[in-house]
Amino acid sequence: MDAFYKKYDLIFKKPGGTSRGILKKKETWFIILKDQGKLGIGECGLFRGLSIDDVPDYEDKLAWTCSNIHLGRERLFDDLMEYPSIRCGVEQALISLGSENPFLLFPSGFTQSQVPININGLIWMGSEEYMREQIAQKIQLGFNCIKIKIGAIDFKTELSLLASLRNKFTKEEIELRVDANGAFEPHEALDKLMKLAVYDIHSIEQPIKQGFPLKMRYLCENSPLPVALDEELIGHHNITEKEILLETIKPAFIILKPSLLGGFAACKEWIDLAGKLNIGWWITSALESNIGLNAIAQWTYTLNNKMAQGLGTGTLFTNNFNSPLEIKSGKLHYNKKTKWEQNLISKLCT
């Protein structure tokens with residue numbers, strides 16, 4: 001088996017605003033496998049400033065992985081424990097290689113164009129006018145679940161946005177989620193959650209920075225609205241560590257990003273633990289290209305989770321790859337009549 005890797009920069013159509021800053025491009029990497037005339041591809045969705053494997057020797061580890069691909073899945077998974085995005089890419093690539101079609105990893109009703117996946121519409125931070133424009137656009141496009149990133153502009157302005165939405169739509173008509181990306185200070189977080197709860201918010205993601213489990217537990221115990229963990233999960237690889245974290249914090253939900261958590265098998269461990277502890281969950285992409293998003297979406301469908309998933313990021317980039325993935329009426333569809341970009345893997349091998 002031969003293995004190669006390739007870097008690719010995804011360019012945002014419009015800069016994406018978060019509490020961690022403005023995103024203009026998203027670096028990603030691909031692993032391509034060749035074996036006896038078959039091809040496999042996986043995306044290593046490194047997220048600078050967030051991924052635990054955002055380290056100086058990242059490319060060296062990719063090169064090592066490709067040179068040692070013969071070691072097999074289990075050995076590679078062990079060696080890549082501290083490199084979750086590479087591990088996720090290897091897992092995708094091996095499944096892709098073993099499939100009849102390198103882009104059909106998990107055949108299902110979704111890939112047969114029979115059943116779409118319910119997704120949320122993502123609202124990036126920006127000026128009040130820009131955020132209102134995004135919200136109006138998402139509602140016009142048929143989304144009934146809106147996720148708004150908060151924490152970078154004036155909090156009163158953010159509350160005003162939520163108030164205007166709730167004046168027009170009930171919680172039964174539009175589900176509202178907010179994502180603070182850890183922007184709230186612990187001493188002010190509960191007061192802000194109290195103010196947010198007035199607007200029938202479904203949940204808030206990561207209200208304070210990760211790494212303070214007891215403070216997060218206090219919020220979960222006292223918050224009037226459900227708290228979801230996101231960044232808090234990053235860096236916990238051992239199943240015992242995962243269990244201790246969830247038992248300590250007791251969140252209402254956990255949000256799983258395969259590229260940041262080590263792939264599908266690693267996320268399934270979180271899901272199984274959450275089931276035992278009566279914790280809800282959903283899957284979210286981490287700004288991968290359509291190659292990684294395709295694999296994550298196909299896997300997500302097999303989990304039979306009816307909640308809105310965070311898989312609507314494929315339309316954000318100017319130079320994404322043509323694929324069967326389409327967003328219609330607030331849902332992610334797989335149009336099997338649409339072909340993947342011609343000679344895509346060949347392009348990435350050069």
Open item on the list: If I ask for residues that are buried (at least 23 other Cβ atoms within 10 Å of the Cβ) and either among the hydroxyl-bearing types (Ser, Thr, Tyr) or in contact with an Asp or Glu (Cβ under 7 Å, 6 or more places away or on another chain) (or both), which ones from region 265-284 would you list?
Closed with: 284
- [ ] Look through 339, 347, 268 and report the one residue that is at pLDDT below 95 and outside any loop (DSSP other than H, G, I, E, B).
- [x] 347
- [ ] Please work out if residue 338 is closer than 28 Å to residue 204 by Cα, hydroxyl-bearing (Ser, Thr, Tyr) and in contact (Cβ under 8 Å) with a residue 12 or more places away in the chain.
- [x] no
- [ ] Would you be able to say whether some residue in region 126-136 is of a type in the set (Lys, Arg) and within 15 Å of residue 196 (Cα to Cα)?
- [x] no
TODO: Would you check which residues across region 241-262 are in a loop (DSSP other than H, G, I, E, B), touching a Pro at 6+ places or on another chain (Cβ under 9 Å) and under 19 Å from residue 219 (Cα atoms) and list them?
DONE: 251, 252
Task: Candidates 328, 347, 276, 268, filtered to the one that is at negative phi and touching a Pro at 6+ places or on another chain (Cβ under 8 Å) - done: 328
Task: Per-region count, region 218-230, residues surrounded by fewer than 20 Cβ atoms within 10 Å (Cβ to Cβ) and either in a helix (DSSP H, G or I) or at pLDDT below 95 (or both) - done: 4
Open item on the list: If the requirement is being in a helix (DSSP H, G or I), closer than 19 Å to residue 284 by Cα and not aromatic (Phe, Trp, Tyr), which of these qualifies: 138, 156, 192, 215?
Closed with: 138
Open item on the list: Quick check on my filter: what residues within region 47-65 are in contact (Cβ under 8 Å) with a residue 60 or more places away in the chain and either farther than 22 Å from residue 286 by Cβ or part of a loop (DSSP other than H, G, I, E, B) (or both)?
Closed with: 47, 50, 51, 52
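The values are calculated or read from the model by the stated rules, or taken from the named source; none is laboratory data. Computed from a prediction, not measured in an experiment: that's the story for all the values here. Because the Cβ atoms are built from the backbone with ideal geometry, glycine has one as well, and the counts that use them run over all protein chains shown.
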